[in-house]
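Okay, structure first, notes after.
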Amino acid sequence: MSMNFINTEHTGVYPAGRGKISTMKTIQASAYIRFLNFLDGLDRINPGQKLDSTEEQLLNRITIANSQGRELFVGDLICLAELGSQATLHGRIKNLVAMGYIKLNEDKADGRKRFVIPTAKAIKHYEHLSACLEKALKSS
């Protein structure tokens with residue numbers, strides 16, 4: 001489903017006769033809106049594979065750290081209070097492992113620590129996102 005334009009035309013009256021809602025013209029959808037439409041199409045194709053926002057943010061951080069050559073430990077992730085409680089984040093990490101997006105490897109120096117790396121499935125996920133973004137940018 002391709003949506004190149006957003007229709008923002010709307011007229012009417014506010015409750016209690018406060019005045020008329022202004023009329024706006026149809027505007028061309030931005031590349032980002034087209035990108036979101038492509039993502040929505042992917043989500044409809046694979047509804048069971050959709051990551052929630054917390055899982056997506058965790059996977060983003062894991063993949064960025066990996067691309068920068070930094071090791072990221074489970075303990076580092078569950079301390080990200082802005083994303084949720086430690087219990088919530090631990091559950092989301094377990095979900096990402098179960099869905100095959102990340103792998104936990106034991107630290108050789110300290111067997112109690114596990115570092116997190118993205119799997120081939122995660123890399124493919126970002127390749128799909130990149131393809132959608134490129135497609136959105138090309139369709140004008």
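The values are calculated or read from the model by the stated rules, or taken from the named source; none is laboratory data. Just so it is clear, the model here is predicted, and its values are computed rather than measured. Reconstructed Cβ throughout: ideal geometry from the backbone, glycine too, with neighbour counts over all protein chains shown.
Things to note:
- Cβ separations smaller than 9 Å between residues 6+ apart or across chains give no pair from region 106-132 residues that are over 18 Å from residue 77 (Cβ atoms) and in contact (Cβ under 8 Å) with a residue 24 or more places away in the chain to residues that are aliphatic (A, V, I, L, M) and in a strand (DSSP E or B).
- Residue that is modelled with the lowest pLDDT [pool: residues in region 52-86 that are touching a Lys or Arg at 6+ places or on another chain (Cβ under 9 Å) and not in a helix (DSSP H, G or I)]: 52
- Condition check for residue 125: in a helix (DSSP H, G or I) and surrounded by fewer than 16 Cβ atoms within 10 Å (Cβ to Cβ): no
- Taking region 86-104 as the range and being within 16 Å of residue 114 (Cβ to Cβ) and touching a residue at least 40 places away in the same chain (Cβ under 8 Å) as the test, the residues that pass are 92, 95, 96, 101, 102.
- Taking the listed residues 96, 42, the one that is surrounded by 10 or more Cβ atoms within 10 Å (Cβ to Cβ), modelled with pLDDT under 95, under 14 Å from the mean Cα position of the chain (by Cα) and not basic (Lys, Arg) is 42, with no other qualifying.
- Against the test of being closer than 23 Å to residue 67 by Cβ, aliphatic (A, V, I, L, M), touching an Asp or Glu at 6+ places or on another chain (Cβ under 8 Å) and not in a loop (DSSP other than H, G, I, E, B), the options 96, 89, 104 yield a single qualifying residue, 96.
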